[in-house]
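Data block below; observations after.
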Amino acid sequence: PAAMESVMETPRRCVADSLDAPFIPWQDTPLREPHCPVQVCRAGDALQDNCGGLTLQWSSTTKALRFRDLEIDEQPDQTSACLCLETDDGLRVKQMLEYKAHEEAFRLWTEVENLADSPQAIDHVSSALLSGITPFAADDAPEDLVLHRFKSGWSSEARHLEQPLERLELERAWAPHGLRVERFGQAGSKPTQLWMPWVGIEHRSRGVVWALHYEAVASWQAEVLRRDDAVSISIGEGDRQFANWSTALAPGERLSTPAAWVTVCAGDVQEACARLLASQGPMQPAAEEEGLPIIFNEWCTTWGEPSHDNMVAIADRLQGNPCHYQVMDAGWFRPDRGGVWSTSQGDWIPNQALFPAGLKATCEAIRERGLIPGIWFEFEVVGSDAELFAHTDRFLHRDGLPIQDGARRLLDLRQEQNRGYLQERMVNLIRDCGIGYIKVDCNCNTGGDVDGPHAPGANLAEHMQQVVAIFQTLKKQRPELVIENCASGGQRLTPAYGAISDMHSFSDAHTCADIPVIAANVLSVIPAAQSQIWAVLNPDESPQRLSYSLAATFLGRMCLSGDIHHLREPAWRIAQEAMAFYRTVWPVIKTGRSRRLGEWSTTMRRLRGWQAVVRRTPSGETLVVVHCFAKPPETLEIPIPTGLSVIATFGHAVPVCEIEDGILRYHTVPEWTGWCLYLGDEQN
């Protein structure tokens, strides 16, 4: 951080200055060798000694790059820069930077151009790289550097991992020859199935974090490298080693990588996350999204059996309440001849028995009750019960055979006929039925290899560009359409999908007790205003359990589901109170910044302890969301800004609190409870 420039330390120069000096002959070997800000590897490159299979960084192409120019364009509201590097044999590499005034992060990406007379095959190119970490230690900062990243799995998204570099074998070797590498990422079409595209390093004793967040659409990788005292972190497209990606640039041809968001802060990892997220969000938000409306999705009501009758019954129940969107989930397209929703995707013809007057009549009935109708599509997928399934030439292939995930295949969207098919079956249906909301799901991962004219990973990237283009087509043709990004819940939670969608499905966690923890996890990697969190209303649950579920939705966007027809009046009243409270605090969800507190167990399936998320706007409005799990402590103490008082609360039997000297304190709180407080400045 610029504010800490005065406390930077002069690094030790070479091996002669280190503790190992008396024992090794390489006295003049530098301990802080400069690292090129862009890493490029071409086919046939000489790799770093003894690094085959570890990394394609520090290749002979990277070492051959020479400075050519630096252009900086400073405008009142934006600064852009272009660093131009070239090799003597005709490869031009540009590092592009874009920074908007008053933002706390900037974007980096790389452009590579072939200036030679013959093709050049590119096997690796980084989008963003930070090196020289840490400038606040003269040595290698032993036991003081921590790697931060976010691990994911189905219904357990974005678990924060923090690991000392020494635990990952990222400690400098005794001699300056061994390159230490930690490489991780995801191959395929679901970029957050295993990891979030996020990497950060913290210099703990100095309170500094450097972080990168990548706009991944498909395969990607991050690398942490160390050979000497300094550490580097980088992120970008999955390369030839990691994701079978390579691309041949014809003479004059250019490639541009996806961008990464970059920040550094004097603070902790939560502050770094907040800075990265502050500028992210939809590029073309639908007008309906201004007030972050409440969603009702009927998945946990009908469980794949929507019909005209039950959709209208749901609308009758919701009419007159603050719910705004009513989304019809999977199952509306089941063939009349029979079948289940999970193997019927692809034909996208409404079931006539379920919707005898047609889907348009159902949507009109929903609108007549003051709600916006929504619909579920999995447009990339074709199930085995669909007529289209037999047309094997329409699908993505690997080694000449259709890629199949269970009973599903994936349309090859590089084919114009398939894009035209989706225009007819999906986009036109949305238009003709007056649908105002689409939930785009994908429950298959292509894997990293796809057949085509290029390398398998590059073929996948080409296909995924067309997936993005379908999202963009929906927005272009239907600007008022609200788009929800869902991929088995949260397996596409990246800035790239956030830019082309209005919101994300935070997870497929619908009815489990770990929802508050997962919802708080994803606050580190997606904006709260885009994080759709479910509360399933079950008539058999106690008021305390209903409040626990509903309170979690205040960690993002409220989405309700469940058997609302049979909720008794006291339970429905709790849901109405939650909706009313949400309509009060949505500005805090939209513009606030979160800080997570508490002590909770490593296991999410057997939760113990407690959690609080304090979200505060620039004007001082504050939302506190508290959850207690099994065996919470006797006393909870939650730091909050001073001068605040309680304006409103939500929850069944909200515990009595004390506010004293900036501490919100609770005593003897029951297990499995959740509640919310809305606080404001006492003088306003």
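Just so you know, all these numbers are worked out from the coordinates, no wet-lab data involved. Quick caveat, the model's predicted, so the values are computed rather than measured. Glycine also receives a Cβ, built like all others from the backbone with ideal geometry; neighbour counts cover every protein chain displayed.
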**Q.** Neighbour net charge for THR362 - beta-carbon separation under 12 angstrom, K R +1, D E -1
**A.** -1
Q: Would you please name the GluC sites (Glu not before Pro) within the range 215-324 that are DSSP coil residues with at most 15 other C-beta atoms within 10 Å of their C-beta?
A: GLU253
Q: Please label the shape of the chain as rounded, prolate or oblate, based on the square roots a ≥ b ≥ c of the eigenvalues of the alpha-carbon gyration tensor (a/c under 1.5 means rounded; beyond that, a/b larger than b/c means prolate, else oblate).
A: oblate
Q) Cβ under 12 Å from TRP261's Cβ, TRP261 left aside: what net charge do those residues give with Lys, Arg +1 and Asp, Glu -1? A) -1
**Q.** Total charge dipole magnitude, the range 596-681, about the Cα centre, Cβ charges on Lys, Arg, Asp, Glu only, Debye to nearest 20
**A.** 520
Q.
Tell me which of ALA361, HIS463, TYR666 sits at the most positive position along the dipole axis of the chain, charges placed on C-beta atoms (Lys, Arg +1; Asp, Glu -1).
A. ALA361
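Hydropathy first: keep DSSP H helices in the chain averaging at least -0.5 on Kyte-Doolittle, then drop any whose Cα extent along the axis falls short of 24 Å, and list what survives.
What comes out of the filter, once short or polar helices are dropped, is 456-477, 569-591.
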Q: Only Lys, Arg, Asp and Glu count, each charged at its Cβ (+1, +1, -1, -1), so figure out the dipole size of the range 198-247 about its Cα centre, rounded to 20 debye.
A: 160
(Q) Going through the cross-link list LYS190/LYS590; LYS360/LYS439; LYS439/LYS476; LYS151/LYS190, which pairs have a Cα-Cα distance over 19 Å in this structure? (A) LYS190/LYS590
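At most 14 other Cβ atoms within 10 Å and a DSSP loop assignment: could you name the GluC sites (Glu not before Pro) in the range 49-146 that fit?
GLU143
For the range 2-277, what does the relative contact order come out to in percent, with C-alpha contacts under 8 Å and a separation of six or more?
20
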Q | Residue among ASN310, LEU147, ALA286 farthest towards the positive dipole end of the chain, charges placed on Cβ | A | ASN310
Q. For the residues SER547, SER60, SER594, SER126, what sequence is obtained by ranking on other C-beta atoms within 10 Å, fewest first?
A. SER60, SER594, SER547, SER126
Q: Can you list which of the trypsin sites (Lys or Arg not before Pro) found in the range 295-371 are DSSP loop residues with at most 13 other C-beta atoms within 10 Å?
A: ARG337
**Q.** Length released on extending from ALA101 to ARG573, taking residue separation times 0.36 nm less the Cα-Cα span
**A.** 165.3 nm
Q: Work from the charge dipole of the chain (Cβ charges, +1 for Lys and Arg, -1 for Asp and Glu, about the Cα centre) and give the residue of THR511, VAL522, GLN415 farthest towards its positive end.
A: THR511
Q) If you put +1 on each Lys and Arg Cβ and -1 on each Asp and Glu Cβ, how big is the dipole of the chain around its Cα centre, in Debye rounded to 20? A) 980
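Could you tell me which of rounded, prolate or oblate describes the range 335-464, using a ≥ b ≥ c as the square roots of the eigenvalues of the alpha-carbon gyration tensor, with rounded for a/c under 1.5 and, failing that, prolate when a/b is larger than b/c and oblate otherwise?
It is prolate, given that a/c is not under 1.5 and a/b is the larger ratio.
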